[in-house]
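What follows is a set of notes on a single structure, which appears directly below.
Each value in this text was obtained by applying a stated rule to the coordinates, not by laboratory testing. Quick caveat, the model's predicted, so the values are computed rather than measured. Here the Cβ positions follow ideal geometry from the backbone for every residue, glycine too, while neighbour counts run over all protein chains shown.
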Amino acid sequence: MMQVIEQINAEQIAGQVKERSIPNFYPGDTIVVKRRIKEGVRERLQAFEGVVIARNRGTQFNATFTVRKTAYGVSVEYTLPLYSPLTESITVKRRGKVRRSKLFYLRALSGRKARIAEKI
């Protein structure tokens with residue numbers, strides 16, 4: 001049974017990889033995720049730019065990542081599937097230099113304390 005599930009997941013990943021490439025990004029990186037949003041009959045792209053605070057390594061097709069941004073004093077987090085058909089593109093804006101794989105401590109910080117140094 002597990003072999004059948006793994007085979008189906010591999011086929012789905014292959015279909016997603018052919019359509020678009022997913023860049024290598026890590027916690028601390030600032031990325032822009034463009035997602036398809038449906039509003040009634042219309043469909044549009046919405047960009048969400050933020051810092052990757054976690055890369056949850058589920059099984060291949062179930063892998064997710066968490067992006068966080070702060071706008072006007074309000075913090076917003078999205079946990080998105082890596083291979084979602086609603087995700088149009090992922091681009092890396094800058095690389096962050098961090099020493100942890102989960103950056104949940106950023107939730108308690110704000111302003112200059114929440115900055116992440118850029119990797120050179």
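Of everything in the range 46-71 that's in contact with a strand residue (DSSP E or B) (Cβ under 8 Å, 6 or more places away or on another chain) and outside any strand (DSSP E or B), which residue is surrounded by the most Cβ atoms within 10 Å (Cβ to Cβ)? Break it down into steps so the answer makes sense when it comes.
As a first pass, look at the range 46-71 and keep what is in contact with a strand residue (DSSP E or B) (Cβ under 8 Å, 6 or more places away or on another chain): 46-56, 58, 62-70.
Now drop any that are not outside any strand (DSSP E or B), which leaves 58, 62-63.
Numbers: G58: 10, N62: 12, A63: 15.
The qualifying residue surrounded by the most Cβ atoms within 10 Å (Cβ to Cβ) is A63.
From the list K38, K69, exactly one residue is among the basic types (K, R) and within 18 Å of K102 (Cβ to Cβ). Which is it?
On the way: K38 fails: within 18 Å of K102 (Cβ to Cβ).
When all the criteria are applied, what remains is K69.
Across the range 72-86, which residue is farthest from E43 (Cα to Cα) among those that are hydroxyl-bearing (S, T, Y) and either surrounded by 13 or more Cβ atoms within 10 Å (Cβ to Cβ) or within 9 Å of the chain's Cα centre (by Cα) (or both)? Step through it out loud before you land on a result.
Of the residues in the range 72-86, the ones hydroxyl-bearing (S, T, Y) are 72, 75, 78-79, 83-84.
From what's left, either surrounded by 13 or more Cβ atoms within 10 Å (Cβ to Cβ) or within 9 Å of the chain's Cα centre (by Cα) (or both): 75, 78-79, 83-84.
On the way: S75: 26, Y78: 20, T79: 21, Y83: 19, S84: 16 Å.
Going through the qualifying residues, I end up with S75.
Sort through Y78, Y105 and tell me the only one that's aromatic (F, W, Y) and free of Cβ contacts under 8 Å to residues at least 40 places away in the same chain.
Y105
So, in the range 111-120, of the ones that are under 15 Å from S75 (Cα atoms) and under 21 Å from the mean Cα position of the chain (by Cα), which residue ends up surrounded by the fewest Cβ atoms within 10 Å (Cβ to Cβ)?
Among them, the one singled out is R115.
I'm checking my understanding of the structure. Among residues of the range 26-45 that are surrounded by 11 or more Cβ atoms within 10 Å (Cβ to Cβ) and not β-branched (V, I, T), which one is farthest from A108 (Cα to Cα)?
Among them, the one singled out is R36.
Can you find a residue in the range 87-97 that is in a loop (DSSP other than H, G, I, E, B), of a type outside the set (K, R) and either in contact (Cβ under 8 Å) with a residue 12 or more places away in the chain or crowded, with 17+ Cβ neighbours inside 10 Å (or both)? Reasoning before the result, please.
Within the range 87-97, the first condition is being in a loop (DSSP other than H, G, I, E, B), and the residues that meet it are 95, 97.
With the extra rule that they be of a type outside the set (K, R), the set shrinks to none.
Looking for residues that are in a loop (DSSP other than H, G, I, E, B), of a type outside the set (K, R) and either in contact (Cβ under 8 Å) with a residue 12 or more places away in the chain or crowded, with 17+ Cβ neighbours inside 10 Å (or both), one finds none in the range 87-97, hence no.
Filter the range 72-86 down to the residues that are hydroxyl-bearing (S, T, Y) and part of a loop (DSSP other than H, G, I, E, B), then identify the one that is nearest to G50 (Cα to Cα).
Residues of the range 72-86 hydroxyl-bearing (S, T, Y): 72, 75, 78-79, 83-84.
From what is left, the residues that are part of a loop (DSSP other than H, G, I, E, B) are 72, 83-84.
Working: Y72: 14, Y83: 18, S84: 18 Å.
Ranking the candidates gives Y72 first.
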